[in-house]
Amino acid sequence: MAHYNLPLVTVITVVYNNLKYIRDAIESVLSQDYSRIEHIVIDGGSTDGTVDIIEEYDDKISVFLSEPDEGIFDALNKGIVRAHGDFIGILHSDDLFCDKYVISDVINKMIDTETEL
């Protein structure tokens, strides 16, 4: 299937003061072999250097917002309203995809089983 025919997948990562793991989470999204990923990172106003790490990936992150929020669900909702994907997934700031095929495997399974896209 041609790249432009593939569904867009939005991955939302919310973070607050997680300098220790945010780089790994971002790298995990970037390592995916699926070609149409929009990565949205919502930061709750971190003060520990997390924002500095995220800004290193400015050219690879689709949307980055850093401002105080009312907690994780408020932050997730900020990401959802900014999402353009046909599908939205969440990767928390201290999580990783188990391998580089996770998103492509899910999308391919949906295509193979004729799941409504």
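Values as computed for the structure displayed
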item	result
For the chain, calculated [θ]222 nm from helices alone, where every DSSP H run of n ≥ 4 adds -39500 (n - 2.57)	-9000 deg cm²/dmol
Å² per residue, accessible surface of the chain at 1.4 Å	58
Acute angle (nearest 10 degrees) that the helix 72-82 long axis makes with the longest principal axis of the chain, alpha-carbon atoms	50
With every protein chain in place, the chain: carbon and sulfur % of accessible area (1.4 Å)	50
Furthest towards positive pole of dipole, LEU65, ILE54, SER31, structure part the chain, Cβ charges	SER31
Around GLN32: net Lys/Arg minus Asp/Glu count, Cβ-Cβ under 13 Å	-2
Dipole of the chain, positive end: most advanced residue of GLY79, LEU6, TYR101 [Cβ charges, Cα centre]	LEU6
Folded to 0 to 90 degrees: helix 102-112 orientation relative to the chain principal axis, Cα	30
Extension gain from ASN108 to ASP24, taking 0.36 nm per residue of separation minus the Cα-Cα distance	27.7 nm
Among VAL106, VAL63, VAL29: highest mean-square fluctuation, GNM of the chain, C-alpha pairs under 10 Å	VAL106
Nearest-20 debye value, the chain charge dipole, Cβ charges on Lys, Arg, Asp, Glu	200
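The values are calculated or read from the model by the stated rules, or taken from the named source; none is laboratory data. All figures in this text were calculated on a predicted structure; none of them were measured in a lab. Neighbour counts run over all protein chains shown; Cβ positions are idealised from the backbone, glycine included. Protein only, heavy atoms only, side chains kept; ligands, DNA and RNA dropped before computing areas. Shrake-Rupley method; radii C 1.70, N 1.55, O 1.52, S 1.80 Å.
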